[in-house]
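Below: the structure, in structure tokens.
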Amino acid sequence: MKTMIPVAKPYFTEEEERAAALAIRSGWVVQGPRVLEFEKMVADYVGARYALATSNCTTALHLALLALGIGAGDEVLVPSYSFIASANSILHAGATPVFVDIDARTYNMDADLLEEKITPRTRAIMPVHQIGLAADLDAIHAVARKHNLVVIEDAATIIGGDYKGKKIGAHSEAVCFSFHPRKAITTGEGGMVTTNNPEIAQKIEMTRSHGANVSDFARHGADKVVIEEYPVLGYNYRLTDIQGAVGVEQMKKLDWILARRIEIGTRYNQAFADLDFIETPYEPPYAKHTYQSYCLRIAHNSPKTRGEIMAEMQAEGIATRRGVMAAHLEALYVNRMGRVALPVTEEATQSTLLLPIYAQMTEQEQTTVIETLRRVVTPTKQPVGV
Ligand SMILES: Cc1ncc(COP(=O)(O)O)c(C=O)c1O
């Protein structure tokens, strides 16, 4: 098989291997002390009072919605331009997603379009910080306050990112992160809810673990027999201690990983700046891009279509991906709600393309991606410009 430059690659060293091995050797592998340590690191890092680890971000979103009392009959405003898990988590909670279009430059929820979608059943807004760039939280919170709605952030892609200089993680009632391998740091699968609200934290702590009022680890550490109770319906949405141990090591690397991604993203921006049919990522005044993915928009005047570019890059050993999907176009949602019109989302999902980006990407690998893309899109020879 041909060696490919992949779109993403987790950054692990022997520290993660050692930490996972130690967790295994300890004999305690379900949620326990290493998950607690990971949670504390994330809470401290993002500036939230509580952090609750979960099996992934989809389950984090589900639990956050339930903890905020959102369920049957309720509507939640969410962008369609996101991985399908954002909308699906609302269905899991028994509520209805109501899709809101995005801003063409940031690819995030357009706060100006929220009010027209509000009905007497609207209970919450779920902004998604798409591919590492914060949504305009102040504008979203202003609408939420005016209409008495709660805000649950889908922060799957943005651990370490900021909004107006303050880390994402404590701006809203609940903030949900992902540690899937396509994200800046990973625990294989994994998620986290951060919140400043003790009631929400307590509910999530119970519902992620079958609704039990005492955790396995607390019972194990007690000096007398403790018999747990199950007062509420819960799920098994726990993270393992093996993953928690990996998460602790990944958190130590987070700032370096983000700095590297920003360096790589900035070099791509410079390398394509002269091509008027390629739009590089926009950075609004209120947030810095963390480049969870590096996304280009291929304009209509491009000599090659997005599909042609992807196929030709693939043939040259460089993986690319389409930009973000649009959930409202999937059969699951068309069958439920008919065909919703979201013109900006539909244009973006057709025209965007993700290039390889990962912390350990070498200068040579990036040069190869840049030169190949320029060669593929411009049939006549172009100066490389890097
Ligand atoms: C915006 C967004 N929300 C939610 C998820 C779901 O995260 P997980 O795979 O951890 O369940 C993803 C994952 O790609 C995502 O990109």
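Go through the residues of segment 267-276 one by one and say whether even a single one is of a type in the set (Lys, Arg), on the phi < 0 side of the Ramachandran plot and in contact (Cβ under 8 Å) with a residue 40 or more places away in the chain. Don't jump to the end; show me each part of the working.
We begin by selecting, within segment 267-276, every residue of a type in the set (Lys, Arg); these are 267.
Keeping just the survivors that are on the phi < 0 side of the Ramachandran plot gives 267.
Keeping just the survivors that are in contact (Cβ under 8 Å) with a residue 40 or more places away in the chain gives 267.
Checking segment 267-276: at least one residue is of a type in the set (Lys, Arg), on the phi < 0 side of the Ramachandran plot and in contact (Cβ under 8 Å) with a residue 40 or more places away in the chain.
Going by the structure shown, is residue 376 surrounded by fewer than 20 Cβ atoms within 10 Å (Cβ to Cβ) and within 22 Å of residue 274 (Cβ to Cβ)? It would help to see each step written out before you state the result.
Working: surrounded by fewer than 20 Cβ atoms within 10 Å (Cβ to Cβ): yes; within 22 Å of residue 274 (Cβ to Cβ): yes.
For residue 376, the condition - surrounded by fewer than 20 Cβ atoms within 10 Å (Cβ to Cβ) and within 22 Å of residue 274 (Cβ to Cβ) - is met.
Need a quick list: strands (runs of 3 or more DSSP E) entirely within segment 12-126 having at least 3 residues that are modelled with pLDDT of 95 or more and farther than 25 Å from residue 247 by Cα.
Working: elements: 50-54, 75-79, 96-100, 122-125.
Once the strands (runs of 3 or more DSSP E) in segment 12-126 are filtered for at least 3 residues that are modelled with pLDDT of 95 or more and farther than 25 Å from residue 247 by Cα, what remains is 75-79, 96-100, 122-125.
In segment 75-89, is there at least one residue being surrounded by fewer than 21 Cβ atoms within 10 Å (Cβ to Cβ), under 17 Å from residue 151 (Cβ atoms), away from the ligand (no atom under 16 Å from the Cβ) and not assigned by TED's automatic domain parsing to the domain that holds residue 328?
Checked segment 75-89: at least one residue is surrounded by fewer than 21 Cβ atoms within 10 Å (Cβ to Cβ), under 17 Å from residue 151 (Cβ atoms), away from the ligand (no atom under 16 Å from the Cβ) and not assigned by TED's automatic domain parsing to the domain that holds residue 328.
Out of 247, 234, I need the residue that is modelled with pLDDT of 95 or more, surrounded by 17 or more Cβ atoms within 10 Å (Cβ to Cβ) and part of a loop (DSSP other than H, G, I, E, B). Which one?
Details: 247 fails: part of a loop (DSSP other than H, G, I, E, B).
Of 247, 234, the one residue that is modelled with pLDDT of 95 or more, surrounded by 17 or more Cβ atoms within 10 Å (Cβ to Cβ) and part of a loop (DSSP other than H, G, I, E, B) is 234.
For segment 323-347, how many residues are touching a strand residue (DSSP E or B) at 6+ places or on another chain (Cβ under 7 Å) and either of a type in the set (Val, Ile, Thr) or not in a helix (DSSP H, G or I) (or both)?
Total satisfying the criteria: 7.
Across segment 164-178, what is the number of residues that are assigned to a strand (DSSP E or B) and either buried (at least 22 other Cβ atoms within 10 Å of the Cβ) or in the same structural domain as residue 261 (by TED's automatic domain parsing) (or both)? I'd like the intermediate steps shown before the answer.
Within segment 164-178, the subset assigned to a strand (DSSP E or B) is 166-167, 174-178.
Pick out the ones that are also either buried (at least 22 other Cβ atoms within 10 Å of the Cβ) or in the same structural domain as residue 261 (by TED's automatic domain parsing) (or both) and you get 174-178.
Going through segment 164-178 one residue at a time, the tally reaches 5.
Identify, from the list 242, 227, 262, the residue that is within 30 Å of residue 216 (Cα to Cα), surrounded by fewer than 21 Cβ atoms within 10 Å (Cβ to Cβ) and among the hydrophobic types (A, V, I, L, M, F, W, C). Steps first, please.
Values: 242 fails: surrounded by fewer than 21 Cβ atoms within 10 Å (Cβ to Cβ); 262 fails: within 30 Å of residue 216 (Cα to Cα).
Going through 242, 227, 262 in turn, the sole match is 227.
The values are calculated or read from the model by the stated rules, or taken from the named source; none is laboratory data. Bear in mind the structure is a predicted one, so any value in this text is a computation, not a measurement. Please note: Cβ atoms are built from the backbone with ideal geometry, for glycine as well, and neighbour counts cover all protein chains shown.
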